[in-house]
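Every read-out reported here was derived from the displayed coordinates using simple, explicitly stated rules and does not represent laboratory data. Because the structure is predicted, anything quoted here is derived from the model rather than measured. No Cβ is skipped: glycine too gets one built from the backbone with ideal geometry, and neighbour counts run over all protein chains shown.
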Amino acid sequence: MAIQVLGISGSPIADSNTDRAVKAVLKSTGLQTQFIKLSELEISPCRACLGCTESNECVVQDDGRSLAAFFRQVPAFVLGAYTPYSSLDARTKTFMERMYCFRHQIGGNAGKVGGSVITTACVPGAANLPAAAETARTQIGYWMMEEGMTDLGSLVIEGNVPCIRCGHGDDCKVSGIKMLYGPDATVASVGVKTFEGEDRLAAAAKALGEKIRDALQRVAPREAVE
Ligand SMILES: Cc1cc2nc3c(=O)[nH]c(=O)nc-3n(C[C@H](O)[C@H](O)[C@H](O)COP(=O)(O)O)c2cc1C
């Protein structure tokens, strides 16, 4: 059966919150889907060599070529990212850059519909913290706009600062736990946050999946991947 929605996660953590949320959105579409974890592939960033200008094919010989060929065929996607140093993670950015090869002369990314999942340790909306989720969401949104794709929305998940699981979270002088949650915060008081721990996130994932499904029913059918 043809794949209609591709899920892509930039999170390198095994079975991470980002992965599980992307999969939840995929499931809610009720369509044929496939999930790809970028950390399992070898992909380097765009070299700006313009070697793809005539062929619409990247000249960099890595897994980005087969991923691009797959992405070219699917009409919809869910892109999952996390926010190291309060911006979009490198793998997700690399993925976005490598899809540039389809732009020249044909605008080959145009017409796709997509949504994003952003996992962030910065509490979204907190006045004293960088707007990490908003930064990442905006970066993906602008990429979609510049490529003529339709952004159907984002799901923002409060994830875990790495210090929660490093083993030194309570005694480390530069612990992110205190930076994010205040001087009295500890590993125990903050706890491990999961996508499944908040009902509203499951509902939001379901809503985004259904939005993608509904949008696909409205756009002209494209040839899909078998
Ligand atoms: C090197 C590094 C730096 C990070 N810096 C930030 C940060 O500045 N802001 C933030 O919100 N999260 C930061 N994070 C935390 C990730 O966003 C967080 O681990 C996220 O919840 C991971 O999602 P996952 O469980 O889906 O992989 C950082 C993580 C790493 C590994």
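Under 5 Å from the amide H of Ile36 lie the amide H atoms of Gly7, Ile8, Ser9, each residue being 5 or more positions distant or on a separate chain, with H modelled from the backbone and absent for Pro and chain starts.
For Ala121, the amide hydrogen comes within under 5 Å of the amide hydrogens of Thr83, Gly159, counting only partners 5 or more places away or on other chains and with H modelled in the peptide plane. Between the Cα long axis of helix 199-218 and the first principal axis of the chain there is an angle of about 10°, rounded to the nearest 10. When the P(r) of the chain is calculated, the portion above 26 Å amounts to 37% of the C-alpha pairs. When you restrict to C-alpha pairs under 8 Å that are six or more residues apart and normalise by the size of the stretch 1-56, the relative contact order lands at 42 percent. Using θ = phi - 60° in the Karplus curve 6.51 cos²θ - 1.76 cosθ + 1.60, the 3J(HN,Hα) couplings for the stretch 164-177 round to 5, 10, 7, x, 10, x, 8, 10, 6, 5, 10, 4, x, 5 Hz; x is entered for Gly and Pro. Shape class for the stretch 62-179, computed from the alpha carbon gyration tensor (a ≥ b ≥ c): prolate, with a/c not under 1.5 and a/b above b/c.
For Val219 and Val59, the FRET efficiency from 1/(1 + (r/R0)^6), where r spans their Cβ atoms and R0 equals 22 Å, is about 0.10.
Dipole magnitude for the stretch 40-142: computed about the Cα centre from +1 point charges on Lys and Arg Cβ and -1 point charges on Asp and Glu Cβ, it is near 240 debye. Proximity of backbone amide H atoms, modeled 1.01 Å from N, is registered between Gly153 and Ser116 at under 5 Å, excluding neighbours fewer than 5 places apart on the same chain.
With a sphere of radius 9 Å drawn around the Cβ of Gly10, what net charge do the other residues whose Cβ falls strictly inside it have (Lys, Arg +1; Asp, Glu -1)?
Working: positive: Lys37, Arg91, Lys93; negative: Asp89.
Result for the neighbourhood of Gly10: +2.
Could you tell me which of rounded, prolate or oblate describes the stretch 1-118, using a ≥ b ≥ c as the square roots of the eigenvalues of the alpha-carbon gyration tensor, with rounded for a/c under 1.5 and, failing that, prolate when a/b is larger than b/c and oblate otherwise? In terms of gyration-tensor shape, oblate. Within the stretch 40-97, the GluC sites (Glu not before Pro) that combine a DSSP coil assignment with at most 16 other C-beta atoms in a 10 angstrom radius are Glu42, Glu54, Glu57.
For the chain, Cys46, Cys49, Cys122, Cys163, Cys166, Cys172 stand unpaired, since no other cysteine beta carbon lies under 4.7 Å from theirs. Going from the fewest other Cβ atoms within 10 Å to the most, the residues Ile106, Ile43, Ile140, Ile3 appear in the order Ile106, Ile3, Ile43, Ile140. Would you check the chain for Lys pairs whose C-alpha atoms are within less than 28 Å, ignoring same-chain pairs closer than 8 in sequence, and give me the count? Count of close lysine pairs: 27.
So if we plug the beta-carbon distance of Val174 and Tyr142 into 1/(1 + (r/R0)^6) with R0 = 30 Å, what FRET efficiency do we get, rounded to 0.05? Let's see the in-between values first.
On the way: r = 32 Å, r/R0 = 1.08.
E(calc), rounded to 0.05, equals 0.40.
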